[in-house]
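Quick note: the coordinates plus some simple rules give every number you see, no bench work behind them. Source: prediction; values computed, not measured. Cβ: placed from backbone, ideal geometry, glycine included. Neighbour counts: every protein chain shown.
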Amino acid sequence: MLHAVPQDRNEREAPPTDQTGSRFAPALRVVSGLTLLSRVAGLARDAVCSRIFGAGPVWSAFAFAFLLPNLFRRLFGEGALSAAFLPEYAQLQKNDPALARRFASATMGVLLVVLGALTLLGELLLLFLLVGTPLGQHGALALKLAMVMLPFMPLVCASAILGGMLQTHGRFGPTAASPVLLNLFIIAAAAVWAWGLGADLVTTVFAVAISVVLAGAAQVAWSLLALRRNQQWTTSLAGASAPVRRMAVRMGPVIIGLGALQINTLLDGLIASWPILVGPTISLPGLGRVDYPLDESSNAVLFFTQRLYQFPLGVFGIALATAIFPALARESDEPERFSDTLRRGVRLSLFIGLPASMGLAFVRHDLAAVILGGGAFVAEDIDRVAFVLLGYSPAIWAYMLSHLFSRAFYALGDTATPMRISLLTVGVNLALNLVLIWPLAEAGLAWATSICAVGQCLALGWLLARRSGRAVIDPVGRGAVGRAIGLTLAMAIALGALLLLLPGAAERPEWTARALTLAAMVAVGAVVYLAGARALGMSEPGWLLERRRPDSR
């Protein structure tokens, strides 16, 4: 359980206040709604790209190349820098708005210089590897695509910091909607070059890579436009050095901690990309060269699968953590309010995450067929994606809670604890990867990620309870979580019965039949779960709609 701190009876039984939900529910609805729009656009992007490229080596090369700027985006833009910047900026904005503006100007200047230098260094390193390393056709393609897309890194990081500033001012919409631009740029480039101009796959994938950089520039421009009424940029940085230093001190542990997470992501990508970067065999001590358990399609399969499981995670989990973070940062010196906000976030994460985990496991095959199937994406590719998705689905709730708990630590000014937990997961994840890929191929990477996510979530929750001196799930919350688990099991029974009544996948290969099946399963699952929640008088649906209830069941 995610609690370990004894409390007196009155404190344990006190429900979250009604005002807790009003502090972040509107932001959650805005972020979730626009993130839903972005994720739908992302699914449209994946639908276009899967049908053009299939799960082949060209898209595997793109997936590896896109991993590099994404790694730095998560590390600096959406990770260490924003986690260190936002609490400092929020406090300054409350106490000294003029200094907050100077601090933001100084931060943006440092960001552009540092990330610009890292981009140049990365380009030189990639050029050295391209010229000095014996690579196959698709390995060289991967490095060339990485060189094209690396400038996306400073652009998207700048956009993320601008988004953090907007969130502090209560404007969540522009940041949540800006990824739509990236998806639209990619869709346009892929469709125009492949279907409009009839270009070959390599030419088309380079057009897609260029569109990624152009989308990054558009995101920065949009964020600057949205921020123009709240931020006056200045070259006068008087007094800004002290908060910049505090931010830098906070950043160090976060960089290490999130760097550990990104090392896991990079290792997954390297393991999946081995066939395109090195070849189809690997040398093992005592065994000589043996066939590698993955192939040139593995990284593409992993890429498309991750986009499917990240749909509920992004729409609800990361959206919730994003919406709640400014409230936690403001309330870090108010233990009661901080605890109420966090507990409500935990309950909402589990209320959404538990059925999402179960539902994704049931609909995985039809989901892959409807979103990705057709064109170059053949039946074998669908089967592989569905098998990998089964490995990711059990831990959706854990991914959601891990994001929430990490933000809570950052809001408290504790960046070291998430860092230590993240470092511990690196070795475990690598060991599990290297063991599980042999029997499970690329699905082994998914199962390793899920196992580590559950362990990380439980560890962070337990340590957060010790750090704050308050249980992250109180007795009232435990009852609500128990009801959510029961409803999730009821939903699973209903979906299982529906599957028994429906014809098998082989008997309904047409896209329309698969789409109708998917819609029926989603509808049945949602009705069973939400109707049960209403019958049990659960508060979570009302919180999402910001309805006030007299109880907190």
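What residues qualify as long-range amide H neighbours of Leu150, i.e. H under 5 Å apart, gap of 5 or more or another chain, H built at 1.01 Å from N?
For Leu150, whose amide H was placed from the backbone, there are no distant partners under 5 Å.
If one computes the Cα centroid of segment 184-218 and of segment 380-412, what distance in Å separates the two points?
So the two Cα centres are separated by 29 Å.
In segment 212-291, which trypsin sites (Lys or Arg not before Pro) fall in coil by DSSP and have 16 or fewer other Cβ atoms within 10 Å?
Arg228, Arg229
Could you please report the charge total around Leu432, scoring K, R as +1 and D, E as -1 over all other residues with beta-carbon less than 15 angstrom from its beta-carbon? It would help to have the intermediate numbers written out before the result.
Working: positive: none; negative: Asp268, Glu442.
Around Leu432, the charge tally is -2.
Nothing charged except the Cβ atoms of Lys and Arg (+1) and of Asp and Glu (-1): what's the magnitude of the dipole of segment 301-368 about its Cα centre? Round to the nearest 20 debye. Mind dumping the intermediate values first?
On the way: 7 positive and 6 negative charges, 49 e Å.
Rounded to the nearest 20 debye, it is 240 debye.
Would you please classify the overall shape of segment 101-148 from the alpha carbon gyration tensor, given that a ≥ b ≥ c denote the square roots of the eigenvalues, rounded means a/c under 1.5, and beyond that prolate means a/b larger than b/c while oblate covers the rest?
Note, shape of segment 101-148 comes out prolate.
To two decimal places, what compactness ratio does segment 376-463 give when its Cα radius of gyration is scaled by 2.2 N^0.38 Å? Before the final figure, lay out each step's value.
Values: Rg = 15.3 Å, N = 88, 2.2 N^0.38 = 12.1 Å.
Relative to the 2.2 N^0.38 Å estimate, segment 376-463 comes out at 1.27.
Can you tell me the FRET efficiency between Leu498 and Arg478 if r is taken as the Cβ-Cβ distance and R0 is 41 Å, rounded to the nearest 0.05? Walk me through the intermediate numbers first.
Working: r = 31 Å, r/R0 = 0.75.
Here the calculated transfer efficiency is 0.85.
By the gyration tensor of its Cα atoms, with a ≥ b ≥ c the square roots of the eigenvalues, what is the shape of segment 174-288: rounded for a/c under 1.5, prolate for a/b over b/c, or oblate? Could the numbers behind the result be given before it?
On the way: a/c = 3.80, a/b = 1.26, b/c = 3.01.
Oblate is the answer for segment 174-288, as a/c is 1.5 or above yet b/c matches or exceeds a/b.
Can you sort Lys94, Lys144 from fewest to most other Cβ atoms within 10 Å of each residue's own Cβ?
Values: Lys94 12, Lys144 19.
Ordered from fewest to most neighbouring Cβ atoms within 10 Å, Lys94, Lys144 come out as Lys94, Lys144.
What is the distance in Å between the Cα centres of segment 434-477 and segment 296-367?
13
Residues with beta-carbon under 14 Å from that of Val378, excluding Val378: net charge, scoring Lys, Arg +1 and Asp, Glu -1? Don't skip to the answer; put the middle values down first.
On the way: positive: Arg51, Arg384; negative: Glu380, Asp381, Asp383.
Neighbourhood net charge equals -1.
What does the charge count around Asn299 come to, taking other residues whose C-beta lies under 15 Å from its C-beta (Lys +1, Arg +1, Asp -1, Glu -1)?
Working: positive: Arg307, Arg384; negative: Asp46, Asp268, Asp295, Glu296, Asp381, Glu442.
Result for the local shell: -4.
Counting only C-alpha contacts under 8 Å and six or more residues apart, can you give the relative contact order of the chain as a whole percent?
Working: 833 pairs, mean separation 134.9, N = 553.
In percent, rounded to a whole number, it is 24.
Let me spell out the model: positive unit charges on the Cβ of Lys and Arg, negative unit charges on the Cβ of Asp and Glu, origin at the Cα centre of segment 251-397. What dipole size does that give, in debye rounded to 20? Could the numbers behind the result be given before it?
On the way: 9 positive and 13 negative charges, 53 e Å.
Taking the Cα centre of segment 251-397 as origin, the dipole is about 260 debye.
Arrange the following residues from fewest to most other Cβ atoms within 10 Å of their Cβ: Phe206, Phe303. List each step's numbers first, then the result.
Values: Phe206 18, Phe303 23.
Starting with the residue having the fewest Cβ neighbours, the order is Phe206, Phe303.
Just from its helices, what would the mean residue ellipticity at 222 nm be for the chain, if runs of 4 or more DSSP H residues each count -39500 (n - 2.57) and the sum is divided by every residue, rounded to the nearest 500 deg cm²/dmol? Before the final figure, lay out each step's value.
Working: 21 runs with 423 residues, N = 553.
One gets -26500 deg cm²/dmol as the mean residue ellipticity at 222 nm.
Would you pull out the residues with amide H under 5 Å of Thr281's amide H, same chain only if 5 or more places away, H placed 1.01 Å from N?
It is Tyr292, by chain and number.
Going by how many other beta carbons lie within 10 Å of each one, how would you line up Val110, Val180, fewest first? Kindly include the intermediate steps, with their values, before the conclusion.
On the way: Val110 14, Val180 20.
Going from least to most buried by this count: Val110, Val180.
Once you charge only the Cβ atoms, +1 for Lys and Arg and -1 for Asp and Glu, what is the size of the charge dipole of the chain about its Cα centre, to the nearest 20 debye? Present the calculation step by step, with values, prior to reporting the outcome.
Numbers: 42 positive and 31 negative charges, 308 e Å.
Magnitude of the dipole: close to 1480 debye.
If N is the number of residues in the chain, what value comes out of its Cα radius of gyration divided by 2.2 N^0.38 Å? Please list the in-between numbers first.
Values: Rg = 23.4 Å, N = 553, 2.2 N^0.38 = 24.2 Å.
It is 0.96.
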